[in-house]
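Structure, as C-alpha cells:
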Amino acid sequence: MKLVEAKPLKDYRLFLHYSDGTAGVVDLSPLVGRGVFAAWLQPENFAQVTLSEDGAPVWAGEIDLCPDALYLQLTGRRPEEMFPNLNLRLVRA
C-alpha cells in the first residue's frame with residue numbers, strides 16, 4: 001500500500017488516500033511549533049505539502065512524515081498487523 005494523495009485541510013489536518021483504498025483525515029496539530037514543525041506556525045507552509053517519489057508527504061525545509069506511521073494513525077491498526085514479521089522472535093540454534 002502506498003500513499004497516493006495528501007491534501008492539506010484547515011487546522012493542520014491532512015486528508016490521506018492510499019492505494020489500497022484507505023482514506024481519511026489525520027490531525028497533525030500536536031506537531032505544530034515543535035522542532036522542525038515550527039515552520040507550520042505559518043499555515044501557508046503546511047498547505048505546501050507534496051508527495052515524494054516514494055509516497056511520503058513532504059514540505060519545504062526537509063520536513064517529511066512516514067506514510068506507514070500515518071496509515072497506522074489513520075486506521076488504528078498496530079504495527080504487527082501491518083508488518084507480520086515483527087511478531088517473529090529470534091531463536092538460538
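Quick look at the values:
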quantity: Contacts under 6 angstrom Cβ, first residue in the stretch 43-69 being hydroxyl-bearing (Ser, Thr, Tyr), partner surrounded by 15 or more Cβ atoms within 10 Å (Cβ to Cβ) and at pLDDT 95 or above, 6 or more apart; calculated: Thr50/Val58; Ser52/Val58
quantity: Every residue from the stretch 49-62 that is surrounded by 14 or more Cβ atoms within 10 Å (Cβ to Cβ) and at pLDDT 95 or above; calculated: Val49, Leu51, Ala56, Pro57, Val58, Trp59
quantity: Selection count where residues are hydroxyl-bearing (Ser, Thr, Tyr) and touching a residue at least 24 places away in the same chain (Cβ under 8 Å), scope the stretch 1-41; calculated: 3
quantity: Test result for Leu74, in contact (Cβ under 8 Å) with a residue 60 or more places away in the chain and not basic (Lys, Arg); calculated: no
quantity: Some residue of the stretch 14-28 being in contact with a strand residue (DSSP E or B) (Cβ under 9 Å, 6 or more places away or on another chain), surrounded by 13 or more Cβ atoms within 10 Å (Cβ to Cβ) and not in a strand (DSSP E or B); calculated: yes
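The values are calculated or read from the model by the stated rules, or taken from the named source; none is laboratory data. If you're wondering where the values come from, they're calculated on a predicted model, not measured in any experiment. As a convention, Cβ positions derive from the backbone with ideal geometry for all residues, glycine included, and neighbour counts pool all protein chains shown.
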